[in-house]
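Input: a single structure, listed below in structure tokens.
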Amino acid sequence: MKNRDNVSGLTQQRRIGVFGGTFNPIHVGHLVMAKEVYNYHHLSKVLFIPAYIPPHKSTTDLVDAHHRYQMVREAISRNGNFEVSDFEIKREVRSYTIDTVNELLNLYGKDCEVFLILGADSLNELELWRDIKKLSQLCHFVIVNRPGYSTDVSGSLADVIGKDKVLDMERLKVQIPPIGISSTDIRKRLREGADVSGNCKPLLP
């Protein structure tokens, strides 16, 4: 049985999708995003990396990191193309994507291609990320549509990371069917006592 914890198969897998986030909680929308990017870009696998403390989000209502890790582990359990890593959690500090990608490249080798999976909502703040220009040189940004957010990358981002990288982002975009669900909505429904089990169940490959 394939090990879905942390990282495995370091010498065989070279196109790695990286899906970081709080996953507070993980839901079907996350799984559909990962599955569509995996298929569209012919990835070796998608590695889910729950954040210990997110650098760009409020920590209000943030569930314990180890519990979120276990939720991700359970949610991806039926898909052998998905794995989960706890190395951001083990740091027990605020992690930045540049540090995580550098660590992955050290593990997999510099010839590994990293595809960073991002919801369209991330575009609003992407140019403010730590060492964003260097990060753009280390990995590909794969933008996935989200309801209510634009996937337009033609703005000021080119001044920060360069026109070639913006063209790369445009080429790598992935369009998925609209999914009217978010972690924020799920937390709200939980507070109201609603049943959200259908939104958090594992997804078949």
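The values are calculated or read from the model by the stated rules, or taken from the named source; none is laboratory data. Just so we're clear, the structure is a prediction, and the values are computed from it rather than from any experiment. Every residue, glycine as well, gets a Cβ built from its backbone with ideal geometry; the counts of neighbours run over all protein chains shown.
A few notes on this one:
- Within the option set 88, 103, being in contact with a strand residue (DSSP E or B) (Cβ under 6 Å, 6 or more places away or on another chain) and surrounded by 14 or more Cβ atoms within 10 Å (Cβ to Cβ) holds for one residue only, 88.
- Qualifying residues in segment 121-150 (those that are within 19 Å of residue 18 (Cα to Cα) and hydroxyl-bearing (Ser, Thr, Tyr)) - the one farthest from the chain's Cα centre (by Cα): 136
- Some residue of segment 63-75 being part of a loop (DSSP other than H, G, I, E, B), modelled with pLDDT of 95 or more and farther than 26 Å from residue 160 by Cβ: no
- With respect to (1) at pLDDT below 90; (2) part of a helix (DSSP H, G or I); (3) crowded, with 17+ Cβ neighbours inside 10 Å; (4) among the β-branched types (Val, Ile, Thr), the lone exception for residue 184 is condition (3).
- In segment 98-126, residue modelled with the lowest pLDDT [restricted to those that are among the acidic types (Asp, Glu) and not in a loop (DSSP other than H, G, I, E, B)]: 121
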